[in-house]
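The values are calculated or read from the model by the stated rules, or taken from the named source; none is laboratory data. Please read these numbers as outputs of a predicted model, since none were measured by experiment. So basically every Cβ, Gly included, is an ideal-geometry build from the backbone, and we count neighbours across all protein chains shown.
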Amino acid sequence: MKAMASAAKTISGIFDGKLAYDAAAFKAAAETIRRRSGSAMVDAFPADTLGEPSAAKTEIEQSREEFAALARHLESLATALSDAANDAPDGITEAMRMKPGMAMGGGLLGKRVGGAAEADPSKMPAEHVFHLILQDCTNCHGKFREKRR
């Protein structure tokens, strides 16, 4: 999880202009999230590792399919973000940026509240996909991670 958090900080820094754009670093960060999500994330939390001393709640086992769906969704978003780096070797393009008025998120699993199912992440601006990744992380942590002081 720490590697995913570090990758997210890198991507955030690039989008915010706090880090110089580097397509390889952008792609590596997106790939870190992609490789550690999906089945790899589900496999990282077997039933015997949940609860103390881990921050993983036992709700993961009780809601295994929901947890797996979030992990798969995160993987699909990270794949789209990784692909965006291939299309932008020289810098963040206009097509990668969110447009004015574009909502930053939606409901659980990236679905718009009150709207149709999510659009194909490969057709979304990369910045929007990144916001959806952060939303998935927040949703997952909110339900499946114990808050530590």
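Miscellaneous remarks
- Being of a type in the set (Lys, Arg), modelled with pLDDT under 95 and in contact with a helix residue (DSSP H, G or I) (Cβ under 6 Å, 6 or more places away or on another chain) is a property that holds for Lys57.
- Filtered residue count, the range 88-107, keeping only those that are surrounded by 15 or more Cβ atoms within 10 Å (Cβ to Cβ), at pLDDT below 90 and hydrophobic (A, V, I, L, M, F, W, C): 1
- Residues that are modelled with pLDDT under 90, assigned to a helix (DSSP H, G or I) and surrounded by 20 or more Cβ atoms within 10 Å (Cβ to Cβ) are absent from the range 111-131 altogether.
- Qualifying residue in the range 55-72 (condition: without any contact (Cβ under 8 Å) to a residue 60 or more places away in the chain, farther than 21 Å from His141 by Cβ and part of a helix (DSSP H, G or I)): no
- Some residue of the range 76-87 being in a loop (DSSP other than H, G, I, E, B), surrounded by fewer than 19 Cβ atoms within 10 Å (Cβ to Cβ) and at pLDDT below 90: yes
- Unmet requirement for Pro46, which otherwise passes all of (1) of a type outside the set (Val, Ile, Thr); (2) surrounded by 15 or more Cβ atoms within 10 Å (Cβ to Cβ); (3) farther than 14 Å from Leu81 by Cβ: (2)
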